[in-house]
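Working notes for the structure below.
Read the figures in this text as sums done on the coordinates, not as results from a lab. Note that the structure is predicted; figures quoted are calculated from it, not measured. Cβ placement follows ideal geometry from the backbone for every residue including glycine, while neighbour counts extend to all protein chains displayed.
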């Protein structure tokens, strides 16, 4: 029987952990939760089962976030962040070295068994954002909860859009810009769903 395709969305920060300040009264925790809600709605219209780590402005330790994703046996996990620096979307995968899956994965480095798949998922997201003409910066980082996720995982960090040859300046709170990014992410998950079956 084919395993179920489940996507986990983790809106970073929350509660007393406000994250970065992104402008007058704009906090990262609010941007990430808003993006999570929009993306969840977009994925559900595609028939994708979505699990979220937080649905409200609440404190949630990294350990709990990883437990939610791992319990869901996620096919993909997107950890959503926001920043006031850079332009477009920054994508990060774990900097852990790839390792073979074992029956018991060390909790703090569980992602090592999924690094190769995470890089493939990142490539799908990169292609979808490029198609939407959103600039992308790729990176590797060793952060929680990502290193504890036992599934393909990518951190997606939204930055303002800086004016360029093919882009107009857009604030991080610009609804059209956010919708463009959400649509690209949903398209990438749709592509990943097909590749994941293989």
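Just give me the residues in the stretch 184-198 being free of Cβ contacts under 8 Å to residues at least 40 places away in the same chain and closer than 19 Å to residue 46 by Cα, in sequence order. Don't jump to the end; show me each part of the working.
Of the residues in the stretch 184-198, the ones free of Cβ contacts under 8 Å to residues at least 40 places away in the same chain are 194, 198.
Once the filter is applied, which keeps residues that are free of Cβ contacts under 8 Å to residues at least 40 places away in the same chain and closer than 19 Å to residue 46 by Cα, the stretch 184-198 yields only 194.
I'd like the full set of residues that are assigned to a helix (DSSP H, G or I) and either farther than 18 Å from residue 36 by Cα or more than 15 Å from the chain's Cα centre (by Cα) (or both), limited to the stretch 127-136. Scanning the stretch 127-136 gives 127, 130, 131.
Looking only at the stretch 41-67, which residues are surrounded by fewer than 19 Cβ atoms within 10 Å (Cβ to Cβ) and part of a helix (DSSP H, G or I)? 41, 44, 45, 62, 63, 64, 67, listed by residue number.
Residue 98 satisfies every condition listed in (1) assigned to a loop (DSSP other than H, G, I, E, B); (2) over 28 Å from residue 27 (Cβ atoms); (3) out of contact with any helix residue (DSSP H, G or I) (no Cβ under 9 Å at 6 or more places or on another chain) except (3). Every listed requirement among (1) surrounded by fewer than 21 Cβ atoms within 10 Å (Cβ to Cβ); (2) in contact with a strand residue (DSSP E or B) (Cβ under 9 Å, 6 or more places away or on another chain) is met by residue 122 save one, (1). Picking from residues in the stretch 137-183 that are without any contact (Cβ under 8 Å) to a residue 12 or more places away in the chain and in a helix (DSSP H, G or I), the one that is surrounded by the most Cβ atoms within 10 Å (Cβ to Cβ) is 175. Candidates 86, 19: the one that is in contact with a strand residue (DSSP E or B) (Cβ under 9 Å, 6 or more places away or on another chain), under 21 Å from residue 185 (Cα atoms), assigned to a loop (DSSP other than H, G, I, E, B) and touching a residue at least 60 places away in the same chain (Cβ under 8 Å) is 86.
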